[in-house]
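Only one structure is covered here, and it is reproduced in the block below.
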Amino acid sequence: SNETRPILDGLALLARQHHAAIVIVRHMTKGSGGKAIHRAIGGVDLSAVERCELQVGELEDEERVMTHCKTNIGPIGQSLGFVIEEEQFRWTGPSDITSSDLAKGDAENRKEIDKAVAYLEEKLANGPMPVKMLEEGTSIHPRTLRRGSKKLGVIKTRFSESGPWSWALRRGE
């Protein structure tokens, strides 16, 4: 902290004088668990002075995402998915993955999603169910249920424009 703070203060002064943004690229530790903001290499002092911190990561299903894990200048923004195919980068749109998901690591995320898949298979075995009932019947986070439904290939229908959503298992697959 004693060595880092004067350098960061100097960078902040330089940015103010020149109306510029300073971008610092750091790597994440290899371990999982804990808060996402503490997983960046370089100490918590950098996170403490930053106005905004974004994280980029990939989960086991090769879903890549840029998440917003800290801000001093407004609300946390929506995570955005992306792919890199044949040496080309392409945004895939909003993502349900959060910086906390990235911090948990692949094994813990996979376990939670597998739990959601098993729950959905059991609940939807006898036919479609309203999403509200599925969410109220479990302690599994709604975001994890959505990710489990995606992995399972759940059919999502709405019988009217403003009606409730129902989910059903694909039959014959």
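The values are calculated or read from the model by the stated rules, or taken from the named source; none is laboratory data. If you're wondering where the values come from, they're calculated on a predicted model, not measured in any experiment. Don't worry about glycine lacking a Cβ; one is built from the backbone with ideal geometry, like all the others, and counts go over all protein chains shown. For the accessible areas, the whole protein counts, side chains as well, though only heavy atoms, and no ligand, DNA or RNA atoms are used. Shrake-Rupley method; radii C 1.70, N 1.55, O 1.52, S 1.80 Å.
Some points to look at:
- Take HIS141: with every protein chain present and a 1.4 Å probe, its accessible area is about 90 Å².
- Computed lengthening from HIS27 to LYS123, 0.36 nm per intervening residue step minus Cα-Cα distance: 30.5 nm
- Positive end of the dipole of region 69-173 (Cβ unit charges, origin at the Cα centre): among LEU124, SER160, ALA103, the Cα lying farthest that way belongs to SER160.
- Each residue was assigned an accessible area with a 1.4 Å probe, and for MET133 the value is about 110 Å².
- Between PHE89 and LYS132, the simple spin-label model (points 7 angstrom out along Cα→Cβ) gives 4.2 nm.
- For region 116-173, the Kirkwood hydrodynamic radius comes to 11.4 Å, computed from all pairs of different C-alpha atoms.
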